[in-house]
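Have a look at the structure below before the remarks.
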Amino acid sequence: MTTNDIEALYGAPHYRVDYVFNGQPSLRAVYKVRDSGTFTAVTFVDGVVTELEDLGTLPNDPVFQGR
């Protein structure tokens, strides 16, 4: 899967970090799963998914709610 495939499923990332890994452009992005309220982290190397991680829900602490 590519960045476009993931964004078609989840929409725009909630958070993203661009970096270089072994000379390859890389990206770590966190997406909110629309209906469940959970979050998924995806790592891309050179535009291709290399890791998918279920992060669950955010804690109820106001720091994590953007307040």
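No lab work stands behind these numbers, since they all come straight from the coordinates. Computed from a prediction, not measured in an experiment: that's the story for all the values here.
Figures for the structure shown
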read-out	value
Fully extended contour minus Cα-Cα distance, from ASP18 to THR57, at 0.36 nm per residue	11.7 nm
Net length gained if the chain between VAL33 and VAL48 were fully extended (0.36 nm per residue, minus Cα distance)	3.4 nm
Distant-in-sequence amide H partners of VAL33 (H built 1.01 Å from N, under 5 Å)	THR38, PHE39, THR40
HN-Hα J in Hz across the stretch 31-36 - Karplus 6.51, -1.76, 1.60, θ = phi - 60°, x for Gly and Pro	10, 8, 7, 3, 8, 8
